[in-house]
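Here the structure comes first, spelled out in structure tokens, and everything after it is commentary.
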Amino acid sequence: ILNVEQSPQSLHVQEGDSTNFTCSFPSSNFYALHWYRWETAKSPEALFVMTLNGDEKKKGRISATLNTKEGYSYLYIKGSQPEDSATYLCALAPNTGNQFYFGTGTSLTVIP
Amino acid sequence: KAGVTQTPRYLIKTRGQQVTLSCSPISGHRSVSWYQQTPGQGLQFLFEYFSETQRNKGNFPGRFSGRQFSNSRSEMNVSTLELGDSALYLCASSLGAVSSYEQYFGPGTRLTVT
């Protein structure tokens, strides 16, 4: 069992603030890292798939970076909006197969 | 394009019974994975099917089983239900069996065991 850790566990920010959270994983067990956004009463939604050290991905105001050598990925949200309120999950695939190890998530609340 | 669907959405069963959950992947997706989420726990991987073959299996007892049909639809079965099996069960589909493909999740089945 691989340990994927996310921090912080929860976060409350004001609308317009920028924020970031961390996903840490064992650097020796890496093939791919996925980020998801999971809103209450909805399905987890794929944000990014990251596979290469130094990867930087961006979708609108959300971006992510990956450092496989030190075993972490950052997710950034610029100018948070109330609709960004959700739980953000990262999931590690240690090999090519579709067996993922999920972190427990960071719960983000954006206060209008 | 229709998303991943799961049926039923909610289910209440009694300890000792068995249950079957169904997952229909996005059209063209051949990989289906199943996850369990219990309170306080992250998503735990159950198993993955690709082209009707189980390719990966998580650390769950043999009471948890699954299968995939030729149209890629998948079912998971839990026999001899225990109270601890109460959870949200999610399935996810992807184009291929490689972890660099995006996974698309269904809405989940909420199972309550009494």
Q) When the accessible area of region A:26-105 is computed with all protein chains present and a 1.4 Å probe, what percentage of it is carbon and sulfur? A) 46 percent
Q | Under-5 Å amide H pairs with A:L47, H placed in peptide plane, nonlocal only | A | A:W35, A:Y36, A:R37
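For A:D55, A:D17, A:D84, give me the order by solvent-accessible area with a 1.4 Å probe, most accessible first, ignoring ligands, DNA and RNA.
Details: A:D55 30, A:D17 65, A:D84 5 Å².
Ranking A:D55, A:D17, A:D84 by accessible area, largest first, yields A:D17, A:D55, A:D84.
Nearest 20 debye, what's the magnitude of the dipole of chain A about its Cα centre given +1 on Lys and Arg Cβ and -1 on Asp and Glu Cβ? Before the final figure, lay out each step's value.
Details: 8 positive and 10 negative charges, 44 e Å.
So the magnitude is around 200 debye.
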Q | Distance in nm between pseudo-label sites at B:Q17 and B:S86 (7 Å out along the Cβ direction from Cα) | A | 1.4 nm
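So, R0 is 35 Å and r is the distance between the beta-carbons of A:Y31 and B:T112; what FRET efficiency does that work out to, to 0.05? Kindly include the intermediate steps, with their values, before the conclusion.
On the way: r = 36 Å, r/R0 = 1.01.
So the FRET efficiency works out to roughly 0.50.
For chain A, which span is the longest to avoid every loop-located (per DSSP) member of GluC sites (Glu not before Pro) having at most 14 other Cβ atoms inside 10 Å?
Details: sites that count: A:E15, A:E39, A:E70.
After excluding every exposed loop site, the longest remaining stretch is A:71-112.
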Q: Determine the residues within region B:62-93 where the difference in accessible area between the chain on its own and the full set of protein chains amounts to at least 50 Å²; count protein heavy atoms only and use a 1.4 Å probe.
A: none
(Q) For chain B, set up a GNM with springs between Cα atoms under 10 Å and report which of B:S72, B:S22, B:S100 has the largest fluctuation. (A) B:S100
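What's the FRET efficiency of B:T53 with A:Q9 using the Cβ-Cβ distance as r and R₀ = 35 Å, to the nearest 0.05? Don't skip to the end; give the middle numbers.
Numbers: r = 37 Å, r/R0 = 1.07.
That gives a FRET efficiency of 0.40.
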Q) Under 17 Å from the 7 Å Cα→Cβ point of B:V98, by amide nitrogen: which residues of region B:25-60? A) B:29-32, B:50-51
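Determine the total buried accessible area between chain B and chain A, counting protein heavy atoms only with a 1.4 Å probe; round to the nearest 100 Å².
Details: alone 6130 and 6210 Å², together 10540 Å².
Chain pair B/A: roughly 1800 Å² of buried accessible area.
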(Q) Suppose we compare each residue of region A:63-112 in its chain alone and in the full protein complex with a 1.4 Å probe; which ones drop by at least 30 Å² of accessible area? (A) A:T96, A:N98, A:Q99, A:F100, A:F102, A:T104
Q: Could you please state how large a percent of the accessible area of region B:39-114 is carbon and sulfur, counting protein chains only and using a 1.4 Å probe?
A: 47 percent
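Evaluate Rg over Rh across chain B, taking Cα atoms for both radii and Kirkwood's formula for Rh. Intermediate results must be reported in sequence, preceding the final value.
Values: Rg = 13.3 Å, Rh = 14.0 Å.
Here Rg/Rh amounts to 0.95.
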Q | Rounded Å value of the spacing that divides the Cα centres of region B:31-45 and region A:8-82 | A | 19 Å
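Quick one: accessible area per residue over the protein assembly as shown, 1.4 Å probe, rounded to a whole number of Å²?
The answer is 47 Å² per residue.
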Q.
Residue by residue through region B:94-108, what is 3J(HN,Hα) from phi via Karplus (6.51 cos²θ - 1.76 cosθ + 1.60, θ = phi - 60°)? Round to whole Hz and write x for glycine and proline.
A. 8, 4, x, 8, 10, 6, 8, 7, 5, 10, 10, 9, x, x, x
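The values are calculated or read from the model by the stated rules, or taken from the named source; none is laboratory data. Please read these numbers as outputs of a predicted model, since none were measured by experiment. All Cβ positions, glycine included, derive from the backbone under ideal geometry; neighbour counts span all protein chains shown. The protein model used for the area step is the full one, side chains on, heavy atoms only, and it has no ligands, DNA or RNA in it. Shrake-Rupley method; radii C 1.70, N 1.55, O 1.52, S 1.80 Å.
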